[in-house]
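The values are calculated or read from the model by the stated rules, or taken from the named source; none is laboratory data. Since this is a predicted model, take the numbers as computed values, not measurements. Every residue, glycine among them, receives a Cβ derived from its backbone with ideal geometry; neighbour counts consider all protein chains shown.
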Amino acid sequence: MNGLDQDSLRYVYLVLIIVVGVFAVVGLWAWLKGRRVAGEHVFLASRWTRGNRLFPSQVIISPSSVTLVQPRWIGKQEESIHLAHVASIKINTHVLFSDVLIETSGGQDPVVCHGHTKGDAVAMKQLIENFQSQYYRAQAGTAAPAPKPGA
């Protein structure tokens, strides 16, 4: 007999179908975990950069906080900083992509976001600075009034 018999050929096809099915499920899982989070100011890192191949990091900027979301195989890791505790924002630009380092006033390690486009990195910095300005203006407006002289 030349080649594989009928039962061996069915076995090979079955193994091939199972392998393709597993790859499809893993690919679908990675795609679902890497989808953009709902929100107005969400910045998604590129899958072409380190640490973002399967599950790209996302930075969510709101009027009160900055949150870094890093999806995992099961669950996710979130790191959030209140705008009042953002001390500085550094942008390291490379050939195609940029890294954003957000330092806190608490002396902790900076939050590092790899793989954002240069435009997104600048937009994140400007957005954080604008929200901080609004936050501190509102805080100054709600401060207790100074006592009147002679009262």
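From the list Arg10, Arg47, Arg53, Arg36, exactly one residue is surrounded by 10 or more Cβ atoms within 10 Å (Cβ to Cβ), over 15 Å from the mean Cα position of the chain (by Cα) and among the charged types (D, E, K, R). Which is it? First the steps, then the outcome.
Numbers: Arg47 fails: over 15 Å from the mean Cα position of the chain (by Cα); Arg53 fails: over 15 Å from the mean Cα position of the chain (by Cα); Arg36 fails: over 15 Å from the mean Cα position of the chain (by Cα).
After applying the criteria, what remains is Arg10.
In this structure, does Glu40 turn out to be within 30 Å of Ala138 (Cβ to Cβ), of a type in the set (Asp, Glu) and either touching an Asp or Glu at 6+ places or on another chain (Cβ under 8 Å) or outside any strand (DSSP E or B) (or both)? It is true that Glu40 is within 30 Å of Ala138 (Cβ to Cβ), of a type in the set (Asp, Glu) and either touching an Asp or Glu at 6+ places or on another chain (Cβ under 8 Å) or outside any strand (DSSP E or B) (or both). Is segment 43-51 home to any residue that is assigned to a helix (DSSP H, G or I), touching a residue at least 12 places away in the same chain (Cβ under 8 Å) and out of contact with any strand residue (DSSP E or B) (no Cβ under 7 Å at 6 or more places or on another chain)? There is no residue in segment 43-51 that is assigned to a helix (DSSP H, G or I), touching a residue at least 12 places away in the same chain (Cβ under 8 Å) and out of contact with any strand residue (DSSP E or B) (no Cβ under 7 Å at 6 or more places or on another chain).
Would you check which residues across segment 70-91 are part of a loop (DSSP other than H, G, I, E, B) and either of a type in the set (Lys, Arg) or under 19 Å from Ala123 (Cβ atoms) (or both) and list them?
Arg72
Scanning segment 84-100 for residues that are within 22 Å of Tyr136 (Cα to Cα) and either touching a His at 6+ places or on another chain (Cβ under 8 Å) or aliphatic (A, V, I, L, M) (or both) yields a count of 4. Taking (1) under 21 Å from Thr117 (Cα atoms); (2) not assigned by TED's automatic domain parsing to the domain that holds Phe131 in turn, Ala45 satisfies each apart from (2).
Looking only at segment 92-108, filter to residues that are touching a residue at least 24 places away in the same chain (Cβ under 8 Å) and surrounded by 15 or more Cβ atoms within 10 Å (Cβ to Cβ); which one of those is nearest to Gln132 (Cα to Cα)? Looking at residues that are touching a residue at least 24 places away in the same chain (Cβ under 8 Å) and surrounded by 15 or more Cβ atoms within 10 Å (Cβ to Cβ), I get Ile102.
Taking Ser57 as the residue in question, decide whether it is closer than 22 Å to Ala38 by Cα, in contact with a strand residue (DSSP E or B) (Cβ under 8 Å, 6 or more places away or on another chain) and at pLDDT 90 or above.
Working: closer than 22 Å to Ala38 by Cα: yes; in contact with a strand residue (DSSP E or B) (Cβ under 8 Å, 6 or more places away or on another chain): yes; at pLDDT 90 or above: yes.
The answer is yes for Ser57.
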